[in-house]
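Peer 1: Handing you a structure now.
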Amino acid sequence: MEIGLVGKPNVGKSTFFEASTLAGVEIANYPFTTIKANKGMGYLRSPDPGKDLGVTSQPKNSIVLGDTRLVPVELLDVAGLVPDAHTGKGLGNQFLDDLRQAKALIHVIDVSGSTDEEGNPIDVGDHDPTNDIDFLVSEIDHWFHSIIIKDWTKLSRQCESSHTPIDRILAEKVTGLGINIHHIADAMHHLELDEKPTRWSENEIMELAKALRKFSKPMIIAANKADKATDEQIEALKEAAGEYLVIPTCSEAEMALRKADKAGLIEYIPGSSTFEIKQKDRLSVPQIKALDRIQGVLDRFGSTNVQKVLERAAYELLELIVVYPVEDEHHYTDHDGRILPDAHLLRKGSTAKDLAYVVHTDLGDHFIRAIDCRTQRAIGADHELCDGDVVKIHSNA
């Protein structure tokens with residue numbers, strides 16, 4: 001389940017990525033620093049079930065901090081996008097190819113206006129960041145449209161002559177974009193398109209491309225470099241964003257905090273509104289002043305909001321839930337005796353059988369039933385799981 005970080009060059013995407021993952025990526029103050037897509041694991045906060053169940057969790061694929069489970073989610077930092085990328089300008093072709101894998105997008109925008117439309121550094125406030133919203137979605141729309149429209153006359157006629165549903169034809173054309181038949185059905189229903197695709201106008205096909213982008217690549221906006229922006233700049237971006245949620249972020253501050261925490265200089269939990277200095281004697285005067293400035297950022301925005309953006313993309317845009325599979329429903333352990341070892345992200349509406357397939361294909365193929373470990377009740381293959389469920393899968397595999 002990948003979340004893509006997108007935007008024009010030099011707006012702080014790679015800093016946001018490193019702050020979220022602490023991966024070593026190249027960060028510099030010029031366009032196209034990111035040439036190849038970077039992949040890494042970010043972490044989503046979720047209540048750890050151990051406390052409710054009266055046990056101490058022993059995580060294997062995740063992290064426990066106090067009563068919080070940090071659950072991994074894959075992030076993708078792609079090459080910066082510039083206007084006319086769909087025609088191949090800049091690194092457009094590579095950007096769009098990388099973007100295929102993302103299920104949701106975090107559009108990182110320099111809300112301080114200190115980068116021009118192609119990502120070149122300029123003075124703060126010299127660029128209007130509200131212009132950056134439409135250009136990115138327009139590039140994706142034109143990309144989708146170019147794929148749909150290719151051989152359209154021939155395909156639409158074949159569709160009608162063979163009585164093949166158009167959503168099936170479209171699904172075959174756009175499957176590599178991460179678009180499924182449900183996205184297509186939603187888009188067609190939303191647009192109320194004619195049942196005969198040969199009657200669709202050029203404008204209707206473009207509207208279809210826009211709808212497919214909306215349904216298959218939901219987006220949230222990270223108003224980055226917010227510490228350098230005025231409240232008026234941030235509010236203007238929120239107003240211009242329309243349906244998109246805008247959250248001010250300070251990825252440089254987040255990265256500094258996570259590195260200081262990793263070095264043992266401070267104690268910081270991602271997403272917190274404060275931090276605790278542990279070894280002040282190891283800090284230089286400039287470092288102490290820098291931490292004071294960062295606390296000012298936290299006071300202004302409540303946190304750096306990097307974690308907040310990531311979690312709202314996962315929990316709201318993708319509607320993910322966290323589920324814990326175990327092998328022993330009474331002790332909540334795996335076959336090695338580890339307590340609540342694994343936390344898996346599933347889409348809301350996923351069933352017990354869906355979880356079985358996530359754990360292992362054989363479990364899904366030979367599913368018999370499952371046990372809700374909180375209630376000790378048997379549940380069937382079609383039982384819809386809830387966030388925080390602890391589940392034992394029974395199979396004859």
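The values are calculated or read from the model by the stated rules, or taken from the named source; none is laboratory data. In this text, all values refer to a predicted model and were calculated from it rather than measured experimentally. All Cβ positions, even for glycine, are placed from backbone atoms using ideal geometry, and neighbour counts span all protein chains on display.
Peer 1: Could you tell me which of the residues Asp194, Asp128 is out of contact with any Asp or Glu (no Cβ under 6 Å at 6 or more places or on another chain) and modelled with pLDDT of 90 or more? Before you say what the answer is, go through the steps one by one.
Peer 2: On the way: Asp194 fails: modelled with pLDDT of 90 or more.
It is Asp128.
Peer 1: Please work out if Glu232 is acidic (Asp, Glu), in contact (Cβ under 8 Å) with a residue 12 or more places away in the chain and part of a helix (DSSP H, G or I).
Peer 2: Values: acidic (Asp, Glu): yes; in contact (Cβ under 8 Å) with a residue 12 or more places away in the chain: no; part of a helix (DSSP H, G or I): yes.
When the stated conditions are applied, Glu232 does not pass them.
Peer 1: Starting from segment 173-185, keep only residues that are farther than 11 Å from Ser216 by Cα and without any contact (Cβ under 8 Å) to a residue 24 or more places away in the chain, then list their pairs with residues that are buried (at least 16 other Cβ atoms within 10 Å of the Cβ) and of a type in the set (Phe, Trp, Tyr) whose Cβ atoms are within a distance under 7 Å, requiring at least 6 positions of separation or different chains.
Peer 2: Partner pairs satisfying both residue conditions: none exist.
Peer 1: Just to be sure before I move on: is Arg258 under 19 Å from Tyr43 (Cβ atoms) and not in a loop (DSSP other than H, G, I, E, B) in the structure I sent?
Peer 2: Numbers: under 19 Å from Tyr43 (Cβ atoms): yes; not in a loop (DSSP other than H, G, I, E, B): yes.
Against the criterion (under 19 Å from Tyr43 (Cβ atoms) and not in a loop (DSSP other than H, G, I, E, B)), Arg258 qualifies.
Peer 1: Can you name every residue in segment 213-229 that is in a helix (DSSP H, G or I) and at pLDDT 95 or above? Don't jump to the end; show me each part of the working.
Peer 2: Step one: of segment 213-229, the residues in a helix (DSSP H, G or I) are 213-216, 226-228.
If the condition is that a residue be in a helix (DSSP H, G or I) and at pLDDT 95 or above, then Ala226, Asp227, Lys228 are the ones that fit.
Peer 1: Give the number of residues within segment 356-391 that are closer than 21 Å to Glu319 by Cβ, out of contact with any His (no Cβ under 7 Å at 6 or more places or on another chain) and of a type in the set (Val, Ile, Thr).
Peer 2: 4
Peer 1: A follow-up question, please. For segment 299-313, which positions are surrounded by fewer than 22 Cβ atoms within 10 Å (Cβ to Cβ) and in contact with a Leu (Cβ under 9 Å, 6 or more places away or on another chain)?
Peer 2: If the condition is that a residue be surrounded by fewer than 22 Cβ atoms within 10 Å (Cβ to Cβ) and in contact with a Leu (Cβ under 9 Å, 6 or more places away or on another chain), then Glu311, Arg312 are the ones that fit.
Peer 1: Surrounded by fewer than 14 Cβ atoms within 10 Å (Cβ to Cβ), at pLDDT 95 or above and not charged (D, E, K, R): which single residue out of Gly364, Gly337 fits that description? Break it down into steps so the answer makes sense when it comes.
Peer 2: Numbers: Gly364 fails: surrounded by fewer than 14 Cβ atoms within 10 Å (Cβ to Cβ).
Selected residue: Gly337, the only one of Gly364, Gly337 that is surrounded by fewer than 14 Cβ atoms within 10 Å (Cβ to Cβ), at pLDDT 95 or above and not charged (D, E, K, R).
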